[in-house]
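Right, one structure below, let's go through it.
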Amino acid sequence: MTDPRKVIPFYYSLGGDTEEDKKLLKPLEYIERWHRCTKLTLVFNYWLKISPDKLRQIDEIISIVYNACILYDDIQNKSILRDGIPVTHSIYGLSGTISATNYIQVIAIEKALHLHPAAVKILTEQLLEFNRGQGMDMYWKDNLMCPTENNYKMMAERKAGWLIKLMANLMKLFSTCEIDLSSLLNLMGFYYQIHNDYCNLCICKDPNDESYCDDLTKGKFSFPIIHALKYDDDRQIINILKQRTTDTNLKSYCVTLLEKFGSFKYTRDILKELNKKIRIEIERLGGNPFLVKMLNEYENEVLSHCTEAESDVVTRL
């Protein structure tokens, strides 16, 4: 029986020195402990039906690049916490975390080369898409420029859709299934980003929580913010946003404004519409009970807070 202490972590390089990787990849060990990527491969394998061995190898690549992007995102946003846990660079420092992130992305390329000759091209294409989406998101924040909803949609499909596109395209290298998933994957990326924006501003109710509405602290032009700015003639929201405030009272007031302008309701309506379109697309592709279950969980997360959010605004106003 293999000694579990001698099992090499999947994010170590294939041809490097194990003891050296152990030192260089401590930041990855930390984030892997707290932030495991959801195994969407199992959901999409309902259609694509690839072997468990290839599924495992693809899961490893997905997890590596997912965690690398989390590390970069936390550094770029000067985050303190992620899901209530201290961010990696607050423990291992900026230099060590950036070095580990650069290294792990090259390891992902190495693993893609080992997986399939076409896998590196797919990985490169989707990493470019992520960086384009992330880059525009940062550009709007840094220059205090509110995007149009169409520009936001393009950003969301890149920033939130690249990972599932990477996963699906890698899986299709080993599948005999020829269904076209592109429309579904774009819808899912758009849906997930709006859902994430909504939850950040609407679902966290405790102002004493350090992560309370932290998209406001980041100065992020999230979907509810973009809607509200159309009606904010007094420019209160844009002035709050540019401060990158950590003041929970100010953030709570901004949430009140978003409710007042109907931005949360508008966001819920868009989520409902997208949810319906995704379900239609799933049916068109022959159905997928695992994906429908996941979609139900996202939908319930929004609906369970809908009534509470609407009653709260009456009290605050």
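The values are calculated or read from the model by the stated rules, or taken from the named source; none is laboratory data. Just so it is clear, the model here is predicted, and its values are computed rather than measured. A quick note on method: Cβ atoms are made from the backbone with ideal geometry, for glycine too, and the neighbour counts reach across all protein chains shown. To get the accessible areas, we keep the full protein, side chains included, count just its heavy atoms, and leave off ligands, DNA and RNA. Shrake-Rupley method; radii C 1.70, N 1.55, O 1.52, S 1.80 Å.
Return the only residue of L274, L258 being in contact with a Pro (Cβ under 8 Å, 6 or more places away or on another chain), at pLDDT 90 or above and closer than 28 Å to N77 by Cβ. Working first, answer last.
Working: L274 fails: in contact with a Pro (Cβ under 8 Å, 6 or more places away or on another chain).
From the options L274, L258, the qualifying one is L258.
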inquiry  = When you scan the stretch 61-68, do you find a residue that is surrounded by fewer than 20 Cβ atoms within 10 Å (Cβ to Cβ) and either without any contact (Cβ under 8 Å) to a residue 60 or more places away in the chain or in contact with a strand residue (DSSP E or B) (Cβ under 8 Å, 6 or more places away or on another chain) (or both), even just one?
reply    = no
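Just checking, which of S222, S311, S304, S252 is under 19 Å from C202 (Cα atoms) and modelled with pLDDT of 95 or more?
Working: S311 fails: modelled with pLDDT of 95 or more; S304 fails: modelled with pLDDT of 95 or more; S252 fails: modelled with pLDDT of 95 or more.
Answer to the selection: S222.
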Boolean, L184 is closer than 30 Å to L115 by Cα and either modelled with pLDDT of 95 or more or open to solvent by less than 10 Å² (accessible area, probe 1.4 Å) (or both) = yes
message = Take K276 and tell me if it is open to solvent by 90 Å² or more (accessible area, probe 1.4 Å) and either touching a strand residue (DSSP E or B) at 6+ places or on another chain (Cβ under 6 Å) or more than 24 Å from K39 (Cα to Cα) (or both).
response = no
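Here is a yes/no grid of residues against (1) buried (at least 20 other Cβ atoms within 10 Å of the Cβ); (2) without any contact (Cβ under 8 Å) to a residue 60 or more places away in the chain:
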site: F223; (1), (2): yes, no
site: K242; (1), (2): no, no
site: E283; (1), (2): no, yes
site: N300; (1), (2): no, yes
key: Selection count where residues are without any contact (Cβ under 8 Å) to a residue 24 or more places away in the chain and either touching a strand residue (DSSP E or B) at 6+ places or on another chain (Cβ under 6 Å) or not in a helix (DSSP H, G or I) (or both), scope the stretch 117-131   = 1
ask   = Can you pull out the residues in the stretch 166-181 that are open to solvent by less than 20 Å² (accessible area, probe 1.4 Å) and either in a helix (DSSP H, G or I) or of a type in the set (V, I, T) (or both)?
value = L166, M167, A168, L170, M171
query = Looking at (1) within 22 Å of the chain's Cα centre (by Cα); (2) open to solvent by 60 Å² or more (accessible area, probe 1.4 Å), which is the one condition that is false for P289?
reply = (1)
inquiry  = List pairs: first residue in the stretch 170-190 and among the polar types (S, T, N, Q), second residue assigned to a helix (DSSP H, G or I) anywhere in the structure, Cβ distance under 7 angstrom, at least six positions apart or on different chains.
reply    = S175/L48; S183/E281; N186/E157
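May I ask you to list the residues in the stretch 117-129 that are surrounded by 18 or more Cβ atoms within 10 Å (Cβ to Cβ) and either in contact with an Asp or Glu (Cβ under 9 Å, 6 or more places away or on another chain) or at pLDDT below 95 (or both)? Before the answer, list the steps.
Looking only at the stretch 117-129, we keep the residues that are surrounded by 18 or more Cβ atoms within 10 Å (Cβ to Cβ), and these are 119, 122-123, 126-127, 129.
Scanning the stretch 117-129 gives a single hit, E129.
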Residues being open to solvent by 70 Å² or more (accessible area, probe 1.4 Å), part of a helix (DSSP H, G or I) and hydrophobic (A, V, I, L, M, F, W, C) - total across the stretch 80-116 = 4
task = For the stretch 36-60, enumerate the residues that are open to solvent by 20 Å² or more (accessible area, probe 1.4 Å) and either over 30 Å from I179 (Cα atoms) or not in a helix (DSSP H, G or I) (or both).
result = R36, C37, T38, K39, K49, S51
